[in-house]
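Here the structure comes first, spelled out in structure tokens, and everything after it is commentary.
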Amino acid sequence: MKSRALIELLSDGEIHSGESLAAQLGVSRTAVWKQIRRAMDEGVEVATVRGRGYQLVSRVDLLERDAILQGLSASRQKQLALTVLDEVDSTNAEVIRQIGGGVTGMPVVIADCQTAGRGRRGRVWQSPRGENLYLSLGLTFHGGFGVLDGLSLVLGVAVANALEGLGVSEIGLKWPNDIFLPDGKLGGILVELQGELEEGVVQVIAGIGLNVHMSKVDGVDQPWSSLDRACPGVDWSRNRIATAVIDAILDALPIFADRGFPDFRAPWQKRDIFKGQPLQARGGDLEGNGVGIDEAGNYQIQTANGIVPVRAGEISLRVAK
């Protein structure tokens, strides 16, 4: 947000004269007006109070790197290379660039807006400015690609733990990588391999998107929800959510790296929104009822011929109509 400094000054909700804003920003009053117009074009509501100045009308939930870090322990702060951006093409892509540039520490990128956010299979991930959480991490594991079995499910459990710790109830998980509330999809996880396997080291980019303040969106063909919708009485802070999600992931990673997926199977199963549902997979040629995941994280369908596992690389499961 190019007008971020101005919005920070207005964030107290008081009326500020153009003259005082200009003095604090070190610009002309005309430049202040241009920044006001730019902020309004970006969806921020600013009232012009005749003869007095400007007042922020809409609530603005600004991302702050220091605020996110302050919620973490000192040891975890040192572990991370946290970047908070106003705008980026994709947080996953930025993590890849940082790894290529030799970043020190675990790269974590959070953005206010993505211009080319991605979901699974190249789908567009809606990324409006100032409304949601777009967060990516660069993760390193030792071993072959098999050590990654179930990783997206582990991240789903971690995100669910974080949200439940913030007071959100009825979090559901949809295999293999979606986070749900009773009235629709709340978020998703995108796991991408980075480069080739080198000397037993596997690098992964994990992107997480969560709907926080979003109230409308175009081009989405399924029910969706947001934290504001689900818990309207809570004053949601994206900084606080980011801290909780990072903390929960850092809690989960050593367990997963040391013991693999089995410890996360039961926590995932209890949130499974497919369990007992009539399902279709593999383009519709596999039908049956959902019976949860196996020890490797594959989803299992009880068919007329027995239980058949569906692997993450196959078509997503759909509830049969």
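The values are calculated or read from the model by the stated rules, or taken from the named source; none is laboratory data. Quick caveat: nothing in here was measured; it's all calculated off a predicted structure. Ideal geometry is used to build each Cβ from the backbone, glycine not excepted, and the neighbour counts take in all protein chains shown. Accessible surface areas use protein heavy atoms only, side chains included; no ligands, DNA or RNA. Shrake-Rupley method; radii C 1.70, N 1.55, O 1.52, S 1.80 Å.
Which pairs have Cβ atoms under 9 Å, sit 6 or more apart or on different chains, and link a residue in region 292-312 that is free of Cβ contacts under 8 Å to residues at least 60 places away in the same chain and over 16 Å from F261 (Cβ atoms) to one that is open to solvent by less than 40 Å² (accessible area, probe 1.4 Å) and of a type in the set (D, E)? Here the result reads I307/D294, each pair linking region 292-312 to a residue that is open to solvent by less than 40 Å² (accessible area, probe 1.4 Å) and of a type in the set (D, E). Selection over region 174-197 of residues that are within 13 Å of L155 (Cα to Cα), open to solvent by less than 30 Å² (accessible area, probe 1.4 Å) and out of contact with any Phe, Trp or Tyr (no Cβ under 6 Å at 6 or more places or on another chain) gives a count of 8. With respect to I293, is the statement that it is surrounded by fewer than 16 Cβ atoms within 10 Å (Cβ to Cβ) and under 16 Å from L153 (Cβ atoms) true? The answer is no for I293. In region 222-275, the residue that is least open to solvent (accessible area, probe 1.4 Å) out of those that are assigned to a loop (DSSP other than H, G, I, E, B) and within 21 Å of R65 (Cβ to Cβ) is W236.
Which of the strands (runs of 3 or more DSSP E) found entirely inside region 30-135 contain at least 3 residues meeting this: more than 26 Å from S17 (Cα to Cα), modelled with pLDDT of 90 or more and assigned by the TED database to the domain that holds A244?
Working: elements: 46-49, 53-56, 80-85, 106-111.
In region 30-135, the matching strands (runs of 3 or more DSSP E) lie at 80-85, 106-111.
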